[in-house]
Amino acid sequence: MKRSMPALLVALVLAVPAMAGEVRDFETSLRTAYGDYRAALFATNTGGSSESAAALDRFTKAWSALAALPAPPQYVDDAAFPDTMKKVTAIAESASAQVAGGDLAKAHATLEGIRDEIGDLHLRNDIYSFSDRMNAYHARMEKVLGMDAADTIAVREEAAVLEYLLSDIKAHPPRDAGGNFEALLGAVETSVAKLRGAATNNDAAATKAAIGGLKAPYSKFFLTFG
């Protein structure tokens, strides 16, 4: 027996909120796991073996729980979704082995691959989250860190790009933004303002110092909210 049109409409109306809930729940769990990932990335960069191992253990458990779930609606048509989940698991396992072996620098470099995998997952599925915005800033910042401070014109142009990316971050704060969000973001904004000011003044020495001052405030901001 065929279902009537009203019955089909009712079914659709009921299905939409359920799908939205699945999308939200998965992304919330993903962001929670990503918080443990950020902690592991930070710990391996600052040289804490026990902190690195603990953060990686938390991330691995959180990611295993996610990987055990069926693909949520936003990724159900992504043929590469299962591979992404497996790749992240493999990267975390490799990093854990490197931490256990005392090679934190190598573990940190290995963990960077997780940022790329999750970023590519979102990109393939037309998702642009707060973390994706943070990663876009990070990628551009890394470019600036490798620049010649004497080329102040090029540095000034890149500083303008960083300011634009920060304005996008500021306009789309995370739902879990706490009271120190503005302060941490402000510190990053100040570091970029110093860079642009030094480059605008054609001061190579000040520009070099400003380039060196970009990473620390971003790292603190990323650890808490990225």
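How high is the relative contact order of the chain, in percent, counting Cα pairs under 8 Å that sit 6 or more residues apart? Spell out each step's value before the answer.
Details: 216 pairs, mean separation 41.6, N = 226.
Over the chain, the number comes to 18 percent.
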Rounded to 10°, Cα long-axis angle of helix 49-67 versus longest principal axis of the chain: 30
In degrees rounded to 10, the 0-90 angle between helix 81-100 Cα long axis and the longest Cα principal axis of the chain is 50
How do 211-217, 121-127 rank on mean C-beta neighbours within 10 Å, highest first? 211-217, 121-127
Where the Cα atoms of region 181-226 are projected onto their three principal axes, how long is each span, largest first, in whole Å? 34, 16, 11
Does region 46-114 come out rounded, prolate or oblate by the C-alpha gyration tensor, with a ≥ b ≥ c the root eigenvalues, rounded set by a/c under 1.5 and, if not, prolate when a/b is larger than b/c and oblate if not? prolate
Cross-link reach list, aspartates and glutamates versus residue 220, counting only Cα pairs under 15 Å and skipping chain neighbours closer than eight places: 36, 182, 189
In angstroms, what radius of gyration and Dmax does the chain have, counting Cα atoms only? 20.8, 80
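Every number here is computed from the coordinates shown, using simple stated rules; none is lab data. Quick caveat, the model's predicted, so the values are computed rather than measured. Positions of Cβ are backbone-derived with ideal geometry, glycine not excepted, and every protein chain shown enters the neighbour counts.
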